[in-house]
Amino acid sequence: MIALNILESDSLTATFTPSRFATFKSGISLKVLSALSAMLISGVAAADPEDPLNFSVGAGVRFEDNLFRLPDNPNDRPAGFANRARSDQIYTTNVGIKIDKPYAQQRFQLNTMATNQNYKRYDYLDYTTFDYRAAWLWHLTPDISGTLSAEQVQISNNFADFRNVNQRSIQTNEIRTFSIDGHVAGGWHLIGALTDLKSRNSQQFSALRDFTQTGVEAGVKYVAISENWVSLVQKESKGDYNGRPLDPVSLLDNSFDQHETEARASWRLSGKSLLDGRLGYVNREHDHFSDRDYSGEIGQLTYRWEATGKLQVNTSITRNIYSFQLQNSSYYVADTISIAPTWRVTSHTTVRARYDYGQRDYRGAIVPGVRVRDDDYQTFLVAVDWQPRRTILVNGTLLHEKRSSNINSFDFDANSFYINAQLLF
């Protein structure tokens, strides 16, 4: 199971290919920053959120004091990195197109973003990503509607888990979805979906191999007059590890079946508070090696509290299960507690914060007597969003991450600071 951070999107059509941005060099960051500065001062652009077509261009810089998420003790670091510098600066440039076009009862959306990242010290990590989401929000009748969507998200695998510090690894996740919601009578709806998920890495990553997963889901949903709702869905999917042969020594399978039952609900407790929740049970069965199977409860409970007109606080508890196939694990259970306040200081300035505390329990070792890994991790984020004009958005983010593991080589403390300027037109 892979968690995807999918772009919020909107749009229609555009021809946009990653190759157009593959030749970006670090110098362009300074050029774009200079151009942005001039445009910020002059304010010549004019983005209108009501326009069906909008463009964005941005540039930023990020400082990392522990890029590879290495432990403080040099003896616990990978070979060749005991005394090498752990910090780096990354220069970022991006361009995007956003289209949101309603037509009668239909709505067509597209959101694309090409991002180039250049590392000052470890330039072999330079990369360009291309993210998009295209969607048709369709209505057959006022009572029958759904979404047809396609999206792609590309990210650099975090060195907290991808431990080969000598290679760049880009993960590409693609998902195609067709969903349907049919109003039957009263507040009752029948819901269903077809999904196709593909995940691949630019470098071989044993714990998370490339895979394709196709599935179908069906269920029922009840929506009250108050707009509170509850749903129950059954999901069935088939997965294939692309290009991986059966390995009876390491018990690495080439396919699996997954069954998941999930209940969801959203309940407004008062004018200022909302409770969202999901509770499910997932069961993954591999076709040949049952030692890699797993099952268990998953879910999330989120309480959203609008304390004042300017202050909102979200608190959540989450449990998920993720495949992670090595000698000492087949999967891990991740439990997380989060609190995230948002303070709208003025009409132009917003301050956001988030604190996460989590535990990862690695299970399903296939070799008797090996040391099973357990991690505790914390993240603390503070961000400021400043939008002096409708066309200008400046963001600054400070992030602290810490992981404590029963295996010393997985301990780390890391701090990063990121500032980005975005021009919308």
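The values are calculated or read from the model by the stated rules, or taken from the named source; none is laboratory data. All values reported here derive from a predicted model rather than from experimental measurement. Using ideal geometry, Cβ is built from the backbone for each residue, glycine included, and neighbour counts are taken over all protein chains shown.
Couple of notes before you dig in:
- Ser202 vs. criteria surrounded by 14 or more Cβ atoms within 10 Å (Cβ to Cβ), within 23 Å of the chain's Cα centre (by Cα) and modelled with pLDDT under 95: yes
- When the range 213-255 is filtered for residues that are in a strand (DSSP E or B), within 18 Å of Asp291 (Cα to Cα) and acidic (Asp, Glu), the ones remaining, listed by number, are Asp240, Asp247.
- Residue selected from the range 126-170 under the condition touching a helix residue (DSSP H, G or I) at 6+ places or on another chain (Cβ under 6 Å) and assigned to a strand (DSSP E or B), by the criterion nearest to Met113 (Cα to Cα): Phe130
- In the range 256-310, the residues that are surrounded by fewer than 16 Cβ atoms within 10 Å (Cβ to Cβ), small (Gly, Ala, Ser) and assigned to a strand (DSSP E or B): Ala263, Ser270, Ser273, Ser295, Gly296
Conditions tested, residue by residue: (1) farther than 30 Å from Ser295 by Cβ; (2) among the hydroxyl-bearing types (Ser, Thr, Tyr); (3) modelled with pLDDT of 90 or more; (4) outside any strand (DSSP E or B).
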{"position": "Glu8", "(1), (2), (3), (4)": "yes, no, no, yes"}
{"position": "Ser19", "(1), (2), (3), (4)": "yes, yes, no, yes"}
{"position": "Phe24", "(1), (2), (3), (4)": "yes, no, no, yes"}
{"position": "Ile28", "(1), (2), (3), (4)": "yes, no, no, yes"}
{"position": "Leu36", "(1), (2), (3), (4)": "yes, no, no, yes"}
{"position": "Phe55", "(1), (2), (3), (4)": "yes, no, yes, no"}
{"position": "Gln89", "(1), (2), (3), (4)": "yes, no, yes, no"}
{"position": "Thr93", "(1), (2), (3), (4)": "yes, yes, yes, no"}
{"position": "Pro102", "(1), (2), (3), (4)": "yes, no, yes, no"}
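- Residue count for the range 104-125, restricted to those that are within 30 Å of Asn164 (Cβ to Cβ) and either outside any strand (DSSP E or B) or in contact with a Lys or Arg (Cβ under 6 Å, 6 or more places away or on another chain) (or both): 6
- The residue that is surrounded by the most Cβ atoms within 10 Å (Cβ to Cβ), counting only those in the range 337-352 that are part of a loop (DSSP other than H, G, I, E, B) and without any contact (Cβ under 8 Å) to a residue 40 or more places away in the chain, is Val345.
- Checking each residue of the range 205-219 against the condition of being under 30 Å from Arg168 (Cα atoms), at pLDDT 95 or above, surrounded by fewer than 17 Cβ atoms within 10 Å (Cβ to Cβ) and not β-branched (Val, Ile, Thr) gives no match.
- Residue match in the range 103-119 (condition: without any contact (Cβ under 8 Å) to a residue 12 or more places away in the chain, more than 20 Å from Thr195 (Cα to Cα) and out of contact with any His (no Cβ under 7 Å at 6 or more places or on another chain)): yes
- Of all residues in the range 296-310, those satisfying the criterion of being under 23 Å from the mean Cα position of the chain (by Cα), of a type outside the set (Val, Ile, Thr) and either at pLDDT below 95 or within 21 Å of Thr261 (Cβ to Cβ) (or both) are Gly296, Glu297, Gly299, Gln300, Leu301.
- Gly243 vs. criteria surrounded by 15 or more Cβ atoms within 10 Å (Cβ to Cβ) and either over 24 Å from the mean Cα position of the chain (by Cα) or at pLDDT below 95 (or both): no
- None of Tyr119, Tyr127 is touching a strand residue (DSSP E or B) at 6+ places or on another chain (Cβ under 6 Å), within 30 Å of Ala150 (Cβ to Cβ) and among the aromatic types (Phe, Trp, Tyr) except Tyr127.
- Matching option when the condition is among the basic types (Lys, Arg) and surrounded by 15 or more Cβ atoms within 10 Å (Cβ to Cβ), among Lys101, Lys120: Lys101
- Conditions (1) under 19 Å from the mean Cα position of the chain (by Cα); (2) at positive phi; (3) of a type in the set (A, V, I, L, M): number failed by Leu251: (1)
- Residue pairs whose Cβ atoms lie under 8 Å apart, separated by 6 or more positions or on different chains, with the first residue in the range 395-410 and more than 30 Å from Leu423 (Cβ to Cβ) and the second among the basic types (Lys, Arg) and surrounded by fewer than 17 Cβ atoms within 10 Å (Cβ to Cβ), are Asn406/Arg371; Ile407/Arg371.
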